[in-house]
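Enquirer: Here it is, the structure in full.
What follows is calculated from the coordinates using simple rules that are stated; it is not laboratory data. Quantities reported herein were computed from a predicted structural model and do not represent experimental measurements. Quick reminder, even Gly has a Cβ in these numbers, built from the backbone with ideal geometry, and neighbours come from all protein chains shown.
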Amino acid sequence: MTSPRHIATQLLFLLLPIGISLAVAAALVIAVGRDPLDVVDALWKGAFKDSRKLGGVVNFWIPLALVSIGLVVTFRAGLWNIGVEGQMMMGALFASWGAMFIPLEGALVPLLHLLLIVLAALGGMAWAFVVGALKIRLGVNEIFGGVALNALVNVLSIYLISGPWQPRIGGSAQGTEPFPKAALLPEFSASFPVNLFMIALVIAAFLTVLGLLNATRWGLNLKAVGVNMRSALLLGVATERTSMSAFLVCGALAGIAGSYRVLFTFDNLRPLASGGIGFLGLLVVLLLSIRLLWVPLIAFAFAAILTGSTRLQIAPSLKLDASLAGVLQGMLVLFVILFQGAREVFFPGTLPDEQQASTPPPKRREGEMK
């Protein structure tokens, strides 16, 4: 049973970095002669003033939640899937190809949407498979492999946009022509412009992954591999297959997130269509110490802050740059990481099991794994 002291320590290391981050952000606002309460009011109105604003938050939340759910899986296996941004872009590329070249209309439009989402998942899985193969077969650290593949898929997207998929008016690196209307995911309404199917898909993905991680042998294998790969192997766990499955699940969800960006948010393929959401997902998961249960809520909070920050520029009494939201998020993650490091050193027994699974093994084990 968890002791009161253990619970108090967990709450302290969760709330203290958040409080410090908010205090530093408030100090920055005061330093430029603005009222922090006005900033909070502007963020709130920018995100929740009406149903259309709320729809904008939900549209950012959908891909962020999908990516974050997938990243919990790879972190559970002790893998830093930095390549998730590239997996989003590859999913966007696959969905874009389907939107442009699969001619289904009329009664077959729902089937077309399903095909595009499946294509996006396959695209994300394919790019994640490359990262996994480099890691498992060639010993390339997934961080370096992921960063390289992120850059490669971005170059590929620019080539396609300015080359084979360029608009008919001439070559451009700004984006492809708008996709056919049949390929675009429909809005619920003009006043609440969201796609209900994708919201349901996020909920289904969350519940499915939650069940798999906590009630199946696969979830137990992921945790064992994340804690100590050598020990897991000696216990009969197929470590390579387990690690690859984590990459594939994350890649599939990231690919679907990428498809939403091009089939709903933008209506065409653009360079860097992922918009940094993959990296933001990493921040969400790090903030939560990879606790899946809180991912949808924290992802929604991040989406609200980013969406609401656009009002900071137009509010007459503020005239602040919208990057203030990014500063707040950056400080939040910085302080969370610092406090987690202090916690690992001074209070190692208070770390949650999930975080222990994602923490790289100490140096004395590295020699054992080689």
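Enquirer: With runs of 4+ DSSP H residues as the only contributors, calculate the mean residue ellipticity of the chain at 222 nm using -39,500 (n - 2.57) per run, divided by the residue total and rounded to the nearest 500.
Expert: Values: 16 runs with 260 residues, N = 370.
-23500 deg cm²/dmol, from helical runs alone.
Enquirer: What's the magnitude of the charge dipole for the stretch 155-265 around its Cα centre, counting Lys and Arg as +1 and Asp and Glu as -1 at the beta-carbon? Answer in Debye, nearest 20.
Expert: Numbers: 7 positive and 3 negative charges, 54 e Å.
For the stretch 155-265, the charge dipole is close to 260 debye.
Enquirer: Cut-off is 10 Å between beta-carbons; in what order do Ser96, Ser309 appear when sorted fewest neighbours first? Please list the in-between numbers first.
Expert: Details: Ser96 30, Ser309 24.
Lowest count first: Ser309, Ser96.
Enquirer: Roughly how big is the chain's charge dipole about its Cα centre, with Cβ charges of +1 (Lys, Arg) and -1 (Asp, Glu), in debye to the nearest 20?
Expert: For the chain, the charge dipole is close to 540 debye.
Enquirer: Just report the Cα centroid separation between the stretch 109-144 and the stretch 177-224, whole Å.
Expert: With the stretch 109-144 and the stretch 177-224 each reduced to a Cα centre, they are spaced 16 Å.
Enquirer: Given springs between every Cα pair under 10 Å in a Gaussian network model of the chain, which of Pro63, Pro186, Pro296 has the largest fluctuation?
Expert: Of the options given, Pro186 has the highest mean-square fluctuation.
Enquirer: For the chain, what number of Lys pairs, 8 or more residues apart or on separate chains, have alpha-carbon atoms under 26 Å from each other?
Expert: Counting lysine pairs in the chain gives 10.
Enquirer: Could you tell me which of Leu112, Phe266, Ala23 has its Cα farthest along the dipole of the chain towards the positive end, charges placed at Cβ (Lys, Arg +1; Asp, Glu -1), taken about the Cα centre?
Expert: With unit charges placed on the Cβ atoms, the residue in question is Ala23.
Enquirer: Also, quick follow-up: Quick one: if the Förster radius is 41 Å, what FRET efficiency do Leu108 and Ile30 give, using the C-beta to C-beta distance and rounding to 0.05?
Expert: So, using R0 = 41 Å, E works out to roughly 0.10.
Enquirer: For a quick check: sort Leu234, Leu306, Leu66 by the number of other beta carbons within 10 angstrom, fewest at the front. Mind dumping the intermediate values first?
Expert: Numbers: Leu234 10, Leu306 25, Leu66 32.
Listing Leu234, Leu306, Leu66 from fewest to most nearby Cβ atoms yields Leu234, Leu306, Leu66.
Enquirer: Let me ask something else about it. Given the options Leu263, Leu212, Leu280, which has the most mean-square fluctuation in a GNM of the chain, springs set between C-alpha atoms less than 10 angstrom apart?
Expert: In the Gaussian network model the winner is Leu212.
Enquirer: Using a Gaussian network model of the chain whose springs link C-alpha atoms within less than 10 Å, name the residue from Gln340, Gln174, Gln329 with the highest mean-square fluctuation.
Expert: Fluctuation is largest for Gln174.
Enquirer: Here's another thing I want to ask about it. When Ile18, Ile30 are ordered from fewest to most other Cβ atoms inside 10 Å of their Cβ, what list results? Walk me through the numbers on the way to the answer.
Expert: Working: Ile18 14, Ile30 11.
Sorted ascending by nearby Cβ count, the order is Ile30, Ile18.
Enquirer: Compute the length gained on full extension between Leu338 and Ile199: take 0.36 nm times their separation in residues and subtract their Cα-Cα distance, giving the result in nm to one decimal. Present the calculation step by step, with values, prior to reporting the outcome.
Expert: On the way: separation 139, 0.36 × 139 = 50.04 nm, distance 3.39 nm.
Contour length minus the Cα-Cα distance gives 46.6 nm.
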